[in-house]
Amino acid sequence: MSTRDNGPPTARSRIMSPSDHVQAFRDLLGAVGVVDDPQRLATYTTDQRQLFTGSTLAVLKPVTTKQVSDVVTLAARLGIGLVPQGGNTSYCGGATPDASGRQVVVSLERMDAIREVDPLSMSISVDAGAILKRVQEAAASAGLLLPLSLGAEGSCRIGGNIGTNAGGLSVVRYGMTRDLLLGIEAVLPDGTIVSDMRKLRKNNTGYDVKQCFVGSEGTLGIVTGAVLRLAPLPVRRATAWLKLAKAAPLAELLALVRRESGELLTTFEFMTARSIALATAAMASPPSVGPGSGGAILLEFASSSRHLDLDSLMETILAETVEYEWVEDAFLAQSGAQRASMWELRETIPEGEKRWGGSVKHDISVPLSCAFTQLIEASLSLRLYDAAAALGGTFSAEHGVGRFKRHLLEKYGDAGRVAVMRRIKTAFDPADIMNAGAVVRPVNAEPAY
């Protein structure tokens, strides 16, 4: 045998090829835990809105937090980037790999267990890959409500909800995901496991570490588990459709409803007349309700008490809004079918927009003290994001930053706040291996790959 055969490996032989990297991950997760077939990869490399398609060596599918830790540790050693992915429903490209081909997707879809429902603590503990709808159903089976609800709830996953701080349809009463998060389990970019799956409402023990991961979009680590706050399951609802008068003061109307209904208000959804028209045209059986000259509002109260007469309360409040001439007419749903019809119209708006040329997701928010007319007037002389910023608002109310809105964060974000975000990123992930290209980069660092 030659000296070359018996000697130490040459520099060339020590260089790992992409296929070697994939095999290393396969050794960790087994054949079923690694996907590298090009046709199957396509599902994971295109964003929800099909605006961007990236490239990946493979999709990794761990089933335990320990496996996630092992994957992250190996990736850090190999200098391979990681892109955590839940249901791949991001509107900002926040779960899509870049075009370099040097990132691997870590899909949490196999980590979908409901770990525990605790009725007395009113909490639910789940894997990060659990689909939101399934978590809602598990809570409901115990007579409780997971208040987080959004259009993608049949496919989005809890880890992604945390990563984007999802809001959804009940924010007015229950807040956003960060308000529902009691505990968390996550893996840091060096493989360290953070385990803080406590159910406590009162827990004042230093930094609230779990909140670092809320809205981080997978740039600080991979969330593997969560404890979520539950609420009593509503057993009675009152749903109304308000046809708004032209230039109706929305903020004042909301304040009135809140004042008179207390904590019963769960939904206050404003829709323009044009949006309603597009949705109606897309529906096989359009509802009888429509917009007023100023659009419409879908209003809903909910209660877990069987003794409250929500319909009477709603009727009293509706009469007051009509008396103020803020509302041209109002309809109270008289059955579950009528309520479902109203909600169907609201939920069909995105589809209706797409049918007529596309759905533009501005995702802005402004303070309630700003009248809607102020936003319209400001947008006539500025771009829409400029108008929101001028009124003290934001370019991202719910969808996050991801890859698509990084330039907007740099333009509109407070310089001091962005600097803090970059320092946090540096502290957690100085090599920028975790979802590099999304949200922010570390201070004075380029990606390791």
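Among the residues examined, Ile124 does not qualify as among the β-branched types (Val, Ile, Thr) and free of Cβ contacts under 8 Å to residues at least 60 places away in the same chain.
Taking the criterion of being in contact with a strand residue (DSSP E or B) (Cβ under 6 Å, 6 or more places away or on another chain) and open to solvent by 10 Å² or more (accessible area, probe 1.4 Å), the residues of region 151-182 that qualify are Arg157, Gly159, Gly168, Leu169, Ser170, Val172, Arg173, Leu182. Looking across region 82-103 at every residue that is farther than 27 Å from Met197 by Cα and buried (at least 24 other Cβ atoms within 10 Å of the Cβ), the one that is nearest to the chain's Cα centre (by Cα) is identified as Cys92.
Okay, residues lined up against (1) more than 24 Å from Leu264 (Cβ to Cβ); (2) not acidic (Asp, Glu):
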{"residue": "Ala152", "(1), (2)": "yes, yes"}
{"residue": "Arg157", "(1), (2)": "yes, yes"}
{"residue": "Gly160", "(1), (2)": "yes, yes"}
{"residue": "Ala166", "(1), (2)": "no, yes"}
{"residue": "Thr177", "(1), (2)": "no, yes"}
{"residue": "Glu185", "(1), (2)": "yes, no"}
{"residue": "Leu188", "(1), (2)": "yes, yes"}
{"residue": "Gly191", "(1), (2)": "yes, yes"}
{"residue": "Val194", "(1), (2)": "yes, yes"}
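Of the candidates Glu325, Glu320, the single residue that is open to solvent by 20 Å² or more (accessible area, probe 1.4 Å), charged (D, E, K, R) and under 13 Å from Leu244 (Cβ atoms) is Glu325.
For region 326-345, the tally of residues that are in a helix (DSSP H, G or I) and in contact with a Phe, Trp or Tyr (Cβ under 9 Å, 6 or more places away or on another chain) stands at 3.
Looking at region 197-245, which of the residues that are among the β-branched types (Val, Ile, Thr) and surrounded by 18 or more Cβ atoms within 10 Å (Cβ to Cβ) is nearest to the chain's Cα centre (by Cα)?
Checked region 197-245; the qualifying residue nearest to the chain's Cα centre (by Cα) is Val214.
Do we find that Gly143 is in contact with an Asp or Glu (Cβ under 9 Å, 6 or more places away or on another chain), more than 15 Å from Thr45 (Cβ to Cβ) and either of a type in the set (A, V, I, L, M) or surrounded by fewer than 18 Cβ atoms within 10 Å (Cβ to Cβ) (or both) in this structure? No, not satisfied.
Considering (1) touching a Ser or Thr at 6+ places or on another chain (Cβ under 6 Å); (2) open to solvent by 50 Å² or more (accessible area, probe 1.4 Å); (3) polar (S, T, N, Q), the lone condition that Thr192 does not fulfil carries the number (1).
The values are calculated or read from the model by the stated rules, or taken from the named source; none is laboratory data. In this text, all values refer to a predicted model and were calculated from it rather than measured experimentally. Because the Cβ atoms are built from the backbone with ideal geometry, glycine has one as well, and the counts that use them run over all protein chains shown. For the accessible areas, the whole protein counts, side chains as well, though only heavy atoms, and no ligand, DNA or RNA atoms are used. Shrake-Rupley method; radii C 1.70, N 1.55, O 1.52, S 1.80 Å.
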